[in-house]
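Quick notes on the structure that follows.
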Amino acid sequence: MLARQAYESYRSEGTPKSDQLGVWSEVASKLRMMGSSSPSGALEKAYEDHEERLKEILAQIPVPEGCSGAVFVVNSRIVGADVFDQPATLAKLWPKLIRGYALDSLEPFEGEHIPVTRDAVREWLLRATRGKMERFKSVGLGDDVRVEAQELVGAGLVVDDQPVHVEIFTEAAVGASSR
């Protein structure tokens, strides 16, 4: 949701903004789905409530050695990907990335768990490369490249014509816990 809102804001206003009411609504929805309650509406409460289970999951999913990125699958569905300029960057950010996806994996799921094939991942990634890409001046260093493809939305930071970070989300999967 945030990726979509930032993209639309770049198009209309030239800067990335999000609808804070929409964000708080998504957070409230996520808290309800996770069986958590927070008087301040903080998503961190869901992480606290599920801390033990999250620790178990995190211990089972180490950073992929030598990789610069990863595609994330939750409940038999590709939900996102993060690719960085070098493996050390992925390793540094891995705990935060995997923690968010791990929380998503704890949501109630009634479907059948079916493995996602390499071909499905390849096609998902190719769909992103065939999408519409727009370049905007980043609020910080470099350029913010926004991506929009069939059921996908994403962004990339490009500095001196070199991609530093690219994130892609399955649009229906974009929600309050998105990184």
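Points worth noting:
- With a Förster radius of 22 Å applied to the beta-carbon distance between Ile57 and Leu93, the computed FRET efficiency rounds to 0.85.
- Spatially near lysine pairs across region 2-173, Cα under 16 Å, sequence gap of 8 or more or different chains: 5
- Relative contact order (%) - criterion: Cα under 8 Å, at least six apart; region: region 2-173: 18 percent
- Column: log10 I(q)/I(0), Debye, Cα scatterers of region 2-173, q = 0.13 Å⁻¹: -0.74
- Net +/- balance of residues flanking Val27 in space, Cβ distance below 12 Å, scoring K and R +1, D and E -1: +1
- Amide H contacts for Val164 (H built 1.01 Å from N in the peptide plane; partners 5 or more residues away or on another chain; cut-off under 5 Å): Leu157, Val158, Val159.
- The chain, helix-only ellipticity at 222 nm - DSSP H runs n ≥ 4, -39,500 (n - 2.57), divided by all residues, nearest 500: -12500 deg cm²/dmol
- Mean Kyte hydropathy of 0.0 or more with a Cα span along the axis of at least 18 Å, helices from DSSP in the chain: 20-33, 87-105
Each value in this text was obtained by applying a stated rule to the coordinates, not by laboratory testing. All of these numbers come straight from a predicted model, not from anything done at the bench. Cβ: placed from backbone, ideal geometry, glycine included. Neighbour counts: every protein chain shown.
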